[in-house]
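This report concerns only the one structure given below.
The values are calculated or read from the model by the stated rules, or taken from the named source; none is laboratory data. On a predicted model such as this, the values are computed, not experimentally measured, just so you know. Cβ sites come from the backbone with ideal geometry, for glycine too, and all protein chains shown count toward neighbours.
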Amino acid sequence: MKIIVCLKQVPKNDSILRINEAGTWIQDRDLTYEINESDAYGLEAALQLKEKHGGEVIALSLGPQRVQTVIKEGLARGADRGLHLDDPAFANLDAYGLGAVIAAAAKAEGFDLLLTGLQSDDYGFGQTGVIAAELLGTPHATIVMDVQSESGTLRVKRELENGFFQWVSMPSPAVLTIQSGINTLRYATLKGIMAAKKKEMKTLDAAALGLDAAALAPRMAFRKLYVPQKSKQTQFIEGSPSEIAAKLMEKLKNEARVF
């Protein structure tokens, strides 16, 4: 089984975030980064499938030179090879652009299973894996809690609302978006870190993937990002109890709009 796992590099949860000068996103200066949480669980799911059925796990990440650190961490945890997608045309991609680049890389590589996290900790769109599946023309499942492979058929458990779950069977190749917390994460050992130094990491740009940079132009953009201003306001309602109750209900209904 050949499994590609997408690992996104995101700012650490304890990072101090500051809005950039343009007011369109956060400053990336002085930030520390880590593997996106749900992607880490996707990697663990891939490694467990490999241990059970054999095959190969490929750690894929898109971004500048610094994202190689998350690929190396994936290799140290047990992935066999790394794919780094790096090109100036890949900067500031929206969910569609990300899905298109990942789909092109997965198609060129060939795969039985493509795993992404349910959503990223920074943008949180939850669309990249689904868009990649559509562009690849493969079946997909979202919010996956368990993955089983039986005689060439995938059986996955999806999380629904109100504590319900759904089991779905599908052929491979397929794309799955993995929910956080579905397994216990392993960590890189010293032996794994040393072994990772000898594993292949290939870098691909837009030309190598046969992509037209103009076609990757974002369809969505952030126009303004700001920190909400805290404010307090107290209103005193006077009158008899019945009058106070009537005025309070009117404000809750027409001003606060909680009814």
- [ ] Answer with yes or no whether Y123 is touching a residue at least 24 places away in the same chain (Cβ under 8 Å), of a type in the set (F, W, Y) and within 25 Å of K72 (Cα to Cα).
- [x] yes
Open item on the list: Any residue in the stretch 199-216 that is on the phi < 0 side of the Ramachandran plot sitting within a Cβ distance under 7 Å of a residue that is in a loop (DSSP other than H, G, I, E, B)? List the pairs, counting only those 6 or more apart or interchain.
Closed with: K199/D80; T203/D86; D205/D86; D205/D87; A206/D87; A213/A206; L216/L93
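Examine the stretch 222-236 for a residue that is of a type in the set (K, R), in contact (Cβ under 8 Å) with a residue 60 or more places away in the chain and loosely packed, with under 13 Cβ neighbours inside 10 Å, and state whether such a residue exists. Show your work before the answer.
To start, the set of residues in the stretch 222-236 that are of a type in the set (K, R) comprises 223-224, 230, 232.
Checking the rest, the ones that are also in contact (Cβ under 8 Å) with a residue 60 or more places away in the chain come to 223-224.
Keeping just the survivors that are loosely packed, with under 13 Cβ neighbours inside 10 Å gives 223-224.
Looking through the stretch 222-236, at least one residue is of a type in the set (K, R), in contact (Cβ under 8 Å) with a residue 60 or more places away in the chain and loosely packed, with under 13 Cβ neighbours inside 10 Å.
Would the stretch 94-111 turn up any residue that is without any contact (Cβ under 8 Å) to a residue 60 or more places away in the chain, over 16 Å from V5 (Cα atoms) and of a type in the set (A, V, I, L, M, F, W, C)?
Step one: of the stretch 94-111, the residues without any contact (Cβ under 8 Å) to a residue 60 or more places away in the chain are 98-99, 103, 107.
If we keep only those that are over 16 Å from V5 (Cα atoms) too, we end up with none.
No - not one qualifying residue is present in the stretch 94-111.
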Open item on the list: Of all residues being modelled with pLDDT of 95 or more and touching a Leu at 6+ places or on another chain (Cβ under 7 Å) in the stretch 197-237, which is nearest to Y123 (Cα to Cα)? Just the residue, please.
Closed with: L204
Open item on the list: I'd like to know if the stretch 13-24 contains one or more residues that are out of contact with any His (no Cβ under 9 Å at 6 or more places or on another chain), under 27 Å from G137 (Cα atoms) and among the polar types (S, T, N, Q).
Closed with: no
Open item on the list: Checking the condition on the phi > 0 side of the Ramachandran plot and modelled with pLDDT of 95 or more, which residue from G23, G78 passes?
Closed with: G78
- [ ] Could you look through the stretch 125-142, keep only residues that are among the hydrophobic types (A, V, I, L, M, F, W, C) and either touching a helix residue (DSSP H, G or I) at 6+ places or on another chain (Cβ under 7 Å) or surrounded by 20 or more Cβ atoms within 10 Å (Cβ to Cβ) (or both), and pick out the one that is modelled with the lowest pLDDT?
- [x] F125
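Would you tally the residues in the stretch 5-19 being in contact (Cβ under 8 Å) with a residue 60 or more places away in the chain, surrounded by 12 or more Cβ atoms within 10 Å (Cβ to Cβ) and not β-branched (V, I, T)?
Of all residues in the stretch 5-19, those in contact (Cβ under 8 Å) with a residue 60 or more places away in the chain come to 5-11, 13, 19.
The next check asks that each one be surrounded by 12 or more Cβ atoms within 10 Å (Cβ to Cβ); those that pass are 5-11, 19.
With the extra rule that they be not β-branched (V, I, T), the set shrinks to 6-9, 11.
Counting residues in the stretch 5-19 that are in contact (Cβ under 8 Å) with a residue 60 or more places away in the chain, surrounded by 12 or more Cβ atoms within 10 Å (Cβ to Cβ) and not β-branched (V, I, T) gives 5.
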TODO: Output the residues belonging to the stretch 215-230 that are of a type in the set (A, V, I, L, M, F, W, C) and more than 28 Å from G82 (Cβ to Cβ).
DONE: M220, A221, F222, L225, V227
